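Participant: Before I ask anything, here is the structure I am working with.
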Amino acid sequence: MFEEYDLALPLYLDLYSQNQDNANLAYRIGICYIYQNSPEEKRKAIPYLEYAVQHITKKYNEGSYLEKNAPPDAWFYLGTAYRDAMDFDKAIAAFKKFTSTVSVSSVYYIDYVKREIQCTENAKQLIKNPITIEPQNLSEVIKAPDEVQNCPVISDDESIIVFTAGKKNIFSAELDLNTNNPDYKLDDIYFAKKIDGKWSEPVNITKQLGAGNQQRTVPVSISSDGKELYLVRDDNDDGNIYVSFYKNDKWTKMKPLNKHINTKYWESHATITKDGNTLFFTSDRPGGFGGLDIYRSDKDDKGEWGPAVNLGPTINSIYDEETPFVIGDKGKYTLYFSSQGHYSMGGFDVFYSTLLNNNKWSTPINIGYPLNTVGNDLFYVPKANGEYFFFPLNNNERGGIAKNNIYKAKVNLPGMKPVEEAKPLQAVKVLVKGTVKLADNANELPKDITVVFYDSLKNTNIATIKPSLDSGYYKNIVGPGSYRITFSCSGYNSKTEYVYIPENFSAKEIVIDATLDPIEVSKGEYFVIRNIFFDYGKYDLRRESEIELQRLAQLMQKNPGLMVEIVGHTDALGSDKFNQKLSENRAKSAIDYLVSLGIDPSRFVAKGMGKREFIAINQNPDGSDNPEGRQLNRRVEIKLLNTVPDNVIVEAINVPANLRYRKDAKVKDTNVYTVLLL
């Protein structure tokens, strides 16, 4: 299809009309409909993909015209189509089906779709509390070209606007498993001024800027007074940030920013503060927390941009952050940005965070549905202290708004209401709650774990909460103010979140979850190695076990000096001799699989423990069978020997409190085991 979905769709429909039992054509038609602009057209994908998933083959031959079946990817696209139609339960079911049918070697895709499932769960919650928006289509007041308008940048007094217009002028509303998103395939750049309350005829300034036709260029922000225009240009797959100045009623040729800003990596967006002294921009340079991260640069005494500083993990997730915009002055900033991480409902969502008096960013808050949708929501330009936004629709339906153009919308952010509507002020009480987890999935939280609430302004401890050791759940009620919440316990790195609750905050609760990393893991991506389980009496690898062994193989390939111990275990049923042999076979089956992936067998030590080391009960106190406990005992444990990389966690098996095995139970206690020679 080569991403020419509009051209491909009628051809596929014509072929399908003559061959309606061809699931491959149905699959391709479904994808074409997903990438249509109209929400109504997108929904037409569902019946085609529902048919396609009934005829899936793992031996799919994409390049063959004789292929009549569909690939496992059809489940992913069906999940996407269901989510577009706001049918979240069906979307989750389809995404889960995809993870169960795709090749176990596709670890990246499996993890990616698990994230999509979580975002869909988030969407179910976010749509329950929609925010109110009052949109105005700017194409009705600006005599723009009769094409899609996008990427609006507006001066603070709203007297100057720069935007793009063209047939390719839409950010992709969906993410594709197999193709890069053509987010910056944009067209001409236009400029208009508001004179006596009316917008002038837009002027094409592409040539004035020296943008050229061969290098894709997009405006990304404009200074408060409308005299400095920042743009991003694709210089042969190297995104760079440029600036142009408005002088003598025309724009100067754009010039690149210095080497502190532009690198050989991808810089994709920039925004400047009201005083013109601080630049926030995005880059995927090394040393970040995910893909694209948001950085800050301040002007030095000579007016040059200084070294870039990463905004840190409160803002930057392990995914991409994009299109930051900042409001406020003199260090009292509120940052609006799009992110694939945090509490997103799908694709990129827009969040906001406030720079507190202690120079820390508050926990990002999703601005809410329907400004955020299940697609990609990018390029939201806040004005008037965030009371309204300029934004492009980008194929995402919002409360009946469906035409792709630039909109201005008055909004009330989640939990916020205009101060004048909040009078007389009543006592604000907000429930802050969440769950504390350990990255290595230890059986229970350490007994010394605490969640401490501090008043950030007074630097005083206002509450110390003990989470549930089993569930990790905590809660606390607070009033208006700035808070520092610290999660800490022995053996793990502490984590701190910052929350700002204004006097006119009207939400009843805020959810802040925290995951604590072992002290050995300090920053960035790390590997989690999980143990694997078996059916009763068997040593065949389950599908989920193969996925975990794929992860281990990737780790061993990246760390060629790493040695691994594989230890097989059984439950209590059966004779000692039978279970000893079974535990050995379980260890051997795991090693055989890893060897088949290219790992040298000399890097393994295999042990069979039989039924000697239970982690869960096999029987209930009344003597009846406990299948859940026995399942946890039927396992292979993975232990890393010699030097363990700092970014690796061997995840302990999480045994529920009611299933944990007591060492004083009446079973044979011996340290005898068998070491297998490979």
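The values are calculated or read from the model by the stated rules, or taken from the named source; none is laboratory data. Predicted model only: the values in this text are computed from it and were never measured. Please note: Cβ atoms are built from the backbone with ideal geometry, for glycine as well, and neighbour counts cover all protein chains shown.
Participant: Go through region 195-230 and give me each residue that's touching a Ser or Thr at 6+ places or on another chain (Cβ under 9 Å), modelled with pLDDT under 90, in a strand (DSSP E or B) and not hydrophobic (A, V, I, L, M, F, W, C).
Facilitator: The answer is 217, and nothing else.
Participant: Tell me whether region 659-666 contains one or more residues that are more than 30 Å from residue 557 (Cα to Cα), touching a strand residue (DSSP E or B) at 6+ places or on another chain (Cβ under 8 Å) and modelled with pLDDT of 90 or more.
Facilitator: No, region 659-666 contains no residue that is more than 30 Å from residue 557 (Cα to Cα), touching a strand residue (DSSP E or B) at 6+ places or on another chain (Cβ under 8 Å) and modelled with pLDDT of 90 or more.
Participant: When you go through 105, 100 one by one, which is the residue that is outside the structural domain of residue 341 (by TED's automatic domain parsing), surrounded by fewer than 16 Cβ atoms within 10 Å (Cβ to Cβ), part of a loop (DSSP other than H, G, I, E, B) and touching a residue at least 60 places away in the same chain (Cβ under 8 Å)?
Facilitator: Checking each option against the conditions leaves just 105.
Participant: Okay, moving on. Here are some residues: 329, 377, 320. Which one is charged (D, E, K, R) and over 17 Å from the mean Cα position of the chain (by Cα)?
Facilitator: 329
Participant: Just checking, which of 243, 218 is of a type outside the set (Lys, Arg), under 23 Å from residue 158 (Cα atoms) and buried (at least 22 other Cβ atoms within 10 Å of the Cβ)?
Facilitator: Residue meeting the stated conditions: 218.
Participant: Same structure, new question: Test each condition in (1) part of a loop (DSSP other than H, G, I, E, B); (2) of a type in the set (S, T, N, Q); (3) at pLDDT 85 or above for residue 122 and report the one that comes out false.
Facilitator: Result: residue 122 fails condition (1) only.
Participant: Could I ask something else about it? For region 125-139, which positions are in contact (Cβ under 8 Å) with a residue 12 or more places away in the chain and assigned to a helix (DSSP H, G or I)?
Facilitator: The answer is 126, 138, 139.
Participant: For residue 21, are the conditions met, namely being more than 22 Å from residue 84 (Cα to Cα), assigned by TED's automatic domain parsing to the domain that holds residue 83, of a type in the set (Asp, Glu) and outside any helix (DSSP H, G or I)?
Facilitator: yes
Participant: Which of (1) assigned to a helix (DSSP H, G or I); (2) closer than 22 Å to residue 373 by Cβ; (3) at pLDDT below 95 does residue 86 not meet, given it meets every other one?
Facilitator: Status for residue 86: all satisfied but (1).
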